[in-house]
Structure formats: structure tokens, C-alpha cells
Amino acid sequence: MTFCGGIDEAGYGAVLGPLVHGGVAARDGCNWQAMMADAGIRIGDSKRIYRGGDGVGQLERAALFAARLSGWTGSDLKSFLSSVCGPEAASIIGRWPPTAEPVGLPLFGREPIIPPVMPGFQLYARVTMPGHFNSMLARWNKSELAMNRLHGIVGRMLRDFGQEGELIVDRQGGRAFYSAFLYSKFPRDFPMTVSESSERSDYQVGGLRISFLVRSEEESPPVALASMTAKYVRELYMNAFNRHWKNLIPTVTPTAGYPEDGKRFFGEISGVLSDSGIAADEVFRRK
């Protein structure tokens, strides 16, 4: 059996908080979209959903429902990250902003009816914390870093579902051409370029068709759900991040972590950061 998958990221342009990649994969015939629709869960462009009323709550309902379909049975942040992040979860949790007690989920609203586990469906996330992000800049530029982190999700998908399928990825870091990257990661499969254009680039890697699309959330439901998941995981982090610094500096205004406001926020916490012994590179992303 073949599978269909999608990957997208959140936080690529931020200076505070993690870069998060989300992924969704399902075997042919796995009707996860119908189950989510029956539960009243909207799947679409994460940015549009986020800007709408109860935006974070909608992202959360979709991500938690998908995690349940994947087999997650927990009720807190730690178990959720363990489910979607796999082996990397322990190191991620260790770098999460400290909280006085475990974080229960859902955090932003009410969880819908819990669905049964759906064989042949899997939700993924990969979280790149600021300190790790900065350390990797010594090896790669920002675009290369994002692509290499994305590859970790591709690897997990192939281990779970095999080599036959179709994978759609939202354009990463402004790139239009991916053949050199694919050759570096799949040298034995002799990746073939099918087509490359300003809107879409398609490649054949053994039995896997990989396509990189502009605005792929509009065309691919797996990419849309992957994007919503990535955005939700980043929102979970930024919620904890803002609460942590608000407890230390009551006058600080919360931030989403993007360039201008992120720099403002970092300037306001820099004195306390220095006093706490936390390195700036663990908080502020250099690119």
C-alpha cells in the first residue's frame, strides 16, 4: 500500500521561540478527513484559521484530534510531545520554559469527542529550539537548516509507511530547486527531477514522489493539517515562554516572537536573562 503525506513549518521568520515542522501521513484508503469533518473540525490555511475567531482553539482541536487518531492517549503537554515528536521529545521537554506544574491539554479550549485510533494515520512534529537552531548555523545557512530538520520527518514517515507514496511539502525558505538536497539525502535512490517551476517542483525518489509547492495548504489537506499542527506546537511554546517571563517581569508585554516585536521583547528581558545565567543564544535566534 502507498501513502500520502504533507509537511509544513511554523516560525521560520521568528527570532524568539522554536522553528517547528509538522507532518501528516496516511495510507491510501484511510479516510481521516471525513472523521475530522464529522467532528466539526476545520482543516485549512493555518494563518487564516489563526486570524479568525477562536483561532488558536481551532488549531488545538485539529491537532489534538489528529494526535488521538495517531494513538495518543494522554492529557498533558509532555505526553503529547512524546507522541508527535518521537525520540526527540525528551530533549525538547528539557528546554521548554519551566512551569510550576504539568500543563494539561487542551489549553486553549475544549477538546472534541475523542475518536478511536485510526490505523494507517500518523501525526508528526519536529521542534528546533533557539539554542539548537543557533548551534546549527555554524554548519548550515538558515534555508539549509530548515531543509535538514524537515528531512527528519521524512525519515520517520518512510520508516512508518515504506518507500511508496506521494509527499507534498510547502516551499521551504524561498527555495525553488531541491534536486541537490534530495541527492544528498537519497544518493542510492538516484532522485530524478520531474519538473521545476516558480510555483511547483516535482521529483521522483525511488517509489516516492516529492513535490514542493507554493501555497500547498490550499491544495493538500495533509499539508494544511501539518501546518496547523506546527503552528499549534509553536503556540504552546510561546504561551509558556510569555508566562515565564511575565512572572519575572510583570510589566513585559507578551510577544509572538517575530522580528520587530521579538527584538523589543528580548530587550526588555535582557537584564533578567543576564542575571539568571541563561545564555542569550538559548533564547534569541541569530537568523
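Figures for the structure shown
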quantity: Checklist (1) exposed (fewer than 15 other Cβ atoms within 10 Å of the Cβ); (2) under 18 Å from the mean Cα position of the chain (by Cα); (3) under 23 Å from Phe80 (Cβ atoms) applied to Thr128, failing item; calculated: (1)
quantity: Selection count where residues are in contact with a helix residue (DSSP H, G or I) (Cβ under 6 Å, 6 or more places away or on another chain), more than 27 Å from Arg285 (Cβ to Cβ) and in a loop (DSSP other than H, G, I, E, B), scope the range 143-195; calculated: 1
quantity: Residues of the range 104-142 that turn out to be without any contact (Cβ under 8 Å) to a residue 12 or more places away in the chain and in a strand (DSSP E or B), as a count; calculated: 0
quantity: Test for Ala176: is it in contact (Cβ under 8 Å) with a residue 24 or more places away in the chain and within 26 Å of Ser211 (Cα to Cα); calculated: yes
quantity: Yes/no for Val252 being surrounded by fewer than 18 Cβ atoms within 10 Å (Cβ to Cβ), part of a helix (DSSP H, G or I), aliphatic (A, V, I, L, M) and without any contact (Cβ under 8 Å) to a residue 60 or more places away in the chain; calculated: no
quantity: Residue in the range 164-175 that is loosely packed, with under 15 Cβ neighbours inside 10 Å and at pLDDT 95 or above present; calculated: yes
quantity: Per-region count, the range 216-225, residues part of a helix (DSSP H, G or I) and surrounded by 20 or more Cβ atoms within 10 Å (Cβ to Cβ); calculated: 6
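For (1) surrounded by fewer than 19 Cβ atoms within 10 Å (Cβ to Cβ); (2) within 15 Å of Ile7 (Cα to Cα); (3) β-branched (Val, Ile, Thr), each residue gets a yes or a no:
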site	(1), (2), (3)
Phe190	yes, no, no
Asp202	yes, yes, no
Val205	no, no, yes
Ile210	no, yes, yes
Val214	yes, yes, yes
Ser227	no, yes, no
Ala230	no, yes, no
Tyr237	no, no, no
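The values are calculated or read from the model by the stated rules, or taken from the named source; none is laboratory data. Small disclaimer: the values here were computed from a predicted structure and weren't measured. No Cβ is skipped: glycine too gets one built from the backbone with ideal geometry, and neighbour counts run over all protein chains shown.
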